[in-house]
Amino acid sequence: MGERRLRLRTRRRQELAYDIIEAAPQEEGGSDAGEGSSQGLPLVVLHGGPGLPSSYLRPLGGGVDGADGGDGNCSGSLVGSRRVVFYDQLGCGGSEAPEDDGSGDLYSKEAFVEDLLDVLGALRDAHGVKACHLFAHSWGGILALQLLLTSGAQRRPQDAPPLPVAVRGVVLCGCGASMGALTAEAHRMQELIRRGEEMRIFRERLAERERLAAAGLVPATPLDPGAQKTPFEESMDTAREIFFERHATT
């Protein structure tokens, strides 16, 4: 397994840093499972934020920062079967962090998608990658969806650039598909908190737990008086529970 730190200059004339972690060489007589790797299609990792570096996702690569347990064994990691590419978005990690001119264009979603196209183009031109998978976390998932909706869709706008490499698969992790819907739901939950709706639901759930405990159906768990929360804290906890019940996936 090998690792290389590289840089590219985007069409916006900004420098981005990216790392390629190479798969271990395939044993003689093995089969080639994909393009750009001895065994499988490369995986391009899109980190969250905006504003975070890609380093928090590096354990996905195995053998990075001690993630392999120090013995170099990456059999359980993604690197064991494919190249993994990490890149730092503009303003993050090892990439340039220019000051915005106030227009908001430099750090817009559209600009980040443009940078992603340049990263894929660099993988094609400099490393011979023809196809890849994407792993996209949080904000990175929004970029991946935008990339596919604009550049990868069959009925894409005529002025949308084609994808430099074929995207064969996408894994979305902790990603909201619509920021508008997410913001609207957050505002709705804030309004419920203001009206005390969460406290009503919390009291109903607490009464149900006490009923089940009295019937011997669940163990009684007396609260430590010193650990009891304020009504506002209980309300916020219940709001979080309701939010994740409605919107989180496992």
Length gained if Arg5 through Ile201 is fully extended, taking 0.36 nm per residue and subtracting the Cα-Cα distance, is 65.4 nm
Taking every other residue with Cβ under 9 Å from the Cβ of Ala111 and scoring Lys and Arg +1, Asp and Glu -1, one gets -2
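Any read-out appearing in this document is the output of simple, stated calculations on the displayed coordinates, not a laboratory observation. Because the structure is a prediction, the values reported are computed rather than measured. Cβ atoms come from the backbone with ideal geometry, glycine included; neighbour counts cover every protein chain shown.
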